Amino acid sequence: MTVAPAASRSFTTAVVVDEGMTTIAVQEDVAVTEPSLVEGFPGVGLVGKIAADHLVQEFDMTHHANVHCDSLPKVAVYREGDTELQPPVRIYADPDRDLLVLQSDVPVGPDAASELATCLAGWYDDYSTTPIYLSGIPEEKDESPPTLYGLGVGAGIGAVSDAGIDAPSEAGVVSGPTGVLLSDAVEADRTAVALVVESDPRFPDPEAARVLIKKGIEPLADLDVPIDHLVERAEQIRDAKERLAKRMQNAGDESTQARPIGMYQ
């Protein structure tokens with residue numbers, strides 16, 4: 001990994017952690033300054049994945065790096081109309097917007113998330129990256145818009161407040177791979193933000209993902225994200241991602257989610 005001499009920083013080489021267990025293999029160099037990193041692991045309502053996928057597609061982000069990890073599922077993924085096979089966990093970059101997105105096409109277990117936390121910690125520390133973690137909290141749908149609240153570690157607490165994002169109305173816990181990454185941030189006192197949105201526990205929830213983007217990611221990362229396509233394609237998104245959503249319902253610790261806890265639990 002090298003650092004550009006100017007204010008921006010360029011990711012130019014693979015990063016190997018824990019004797020080769022985890023590798024971030026750079027596909028195309030990018031130059032960023034103090035990027036926000038949006039994490040999009042599958043979870044309740046697939047809200048994080050839908051939001052991350054939308055950012056990558058809407059901004060036509062550069063496929064920056066592949067994440068290889070011993071405990072990640074050994075699969076290869078492909079896209080409609082594209083003959084190229086890719087690993088299931090990738091990082092995309094937009095230098096103009098100082099933005100990175102971690103995109104995952106598969107559920108990620110806690111062991112793999114622990115390795116990723118160790119690996120990504122180098123990015124956070126060396127490149128002043130602020131991670132924005134996304135999670136859904138199960139809530140049956142009604143006519144009211146999904147509620148969003150924010151959490152933070154270190155300077156992330158102030159970032160949530162400055163963005164005008166509400167604090168949670170009850171105690172809770174974030175589990176799954178996002179919970180592992182947040183736990184690592186708490187232990188290391190490393191700046192991080194978590195956004196939690198009410199989400200349909202049974203089906204993909206593009207409406208909750210829209211709230212994540214407009215009320216959370218936009219003010220935190222200083223972005224203006226067009227969402228017309230997300231709204232227009234809501235039904236198509238539900239259909240395309242319903243199989244993964246059903247798998248996530250039975251994924252246990254592999255599913256990113258927030259859930260309330262009783263005061264004396």
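The values are calculated or read from the model by the stated rules, or taken from the named source; none is laboratory data. Given the structure is predicted, the values throughout are model-derived calculations rather than measurements. Backbone-built Cβ (ideal geometry, glycine too); neighbour counts: all protein chains shown.
Overview of results
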quantity	calculated
Only one of GLU19, GLU28, GLU34, GLU80 that is in a loop (DSSP other than H, G, I, E, B), closer than 22 Å to PRO204 by Cα and modelled with pLDDT under 90	GLU80
Members of region 90-108 found to be part of a helix (DSSP H, G or I) and touching a Ser or Thr at 6+ places or on another chain (Cβ under 8 Å), listed by number	PRO95
Residue in region 109-126 that is outside any helix (DSSP H, G or I), of a type in the set (D, E, K, R) and more than 16 Å from THR178 (Cβ to Cβ) present	no
Condition met for ASP189 (at pLDDT 90 or above and either of a type in the set (Asp, Glu) or surrounded by fewer than 24 Cβ atoms within 10 Å (Cβ to Cβ) (or both))	yes
Which listed residue is among the polar types (S, T, N, Q), assigned to a strand (DSSP E or B) and either closer than 19 Å to ILE50 by Cα or at pLDDT 95 or above (or both), from SER135, SER161	SER135
VAL75 being assigned to a loop (DSSP other than H, G, I, E, B), closer than 20 Å to GLY43 by Cα, β-branched (Val, Ile, Thr) and free of Cβ contacts under 8 Å to residues at least 60 places away in the same chain	yes
Residue identified as over 14 Å from VAL160 (Cβ atoms), touching a helix residue (DSSP H, G or I) at 6+ places or on another chain (Cβ under 8 Å) and crowded, with 18+ Cβ neighbours inside 10 Å among LEU230, LEU195, LEU220, LEU212	LEU230
Tally, over region 164-176, of residues that are part of a loop (DSSP other than H, G, I, E, B) and either under 21 Å from LEU223 (Cβ atoms) or not acidic (Asp, Glu) (or both)	7
Flag for VAL211 being touching a residue at least 60 places away in the same chain (Cβ under 8 Å), outside any helix (DSSP H, G or I), farther than 13 Å from GLY43 by Cβ and hydrophobic (A, V, I, L, M, F, W, C)	no
Residue that is in contact with a Phe, Trp or Tyr (Cβ under 9 Å, 6 or more places away or on another chain), surrounded by fewer than 13 Cβ atoms within 10 Å (Cβ to Cβ) and not aliphatic (A, V, I, L, M), where the choices are GLU84, GLU140	GLU84
Tally of residues being closer than 24 Å to VAL47 by Cβ and over 13 Å from the mean Cα position of the chain (by Cα) across region 94-114	8
VAL153 buried (at least 19 other Cβ atoms within 10 Å of the Cβ), among the aliphatic types (A, V, I, L, M) and either under 13 Å from ILE217 (Cα atoms) or at pLDDT below 95 (or both)	no
Residues within region 138-158 that are part of a loop (DSSP other than H, G, I, E, B) and of a type in the set (Ser, Thr, Tyr), tallied	2
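Here is a yes/no grid of residues against (1) free of Cβ contacts under 8 Å to residues at least 60 places away in the same chain; (2) charged (D, E, K, R); (3) closer than 21 Å to PRO219 by Cβ; (4) in contact with a His (Cβ under 8 Å, 6 or more places away or on another chain):
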| position | (1), (2), (3), (4) |
| --- | --- |
| ASP82 | yes, yes, no, no |
| GLU115 | no, yes, no, no |
| TYR124 | no, no, yes, no |
| PRO138 | no, no, no, no |
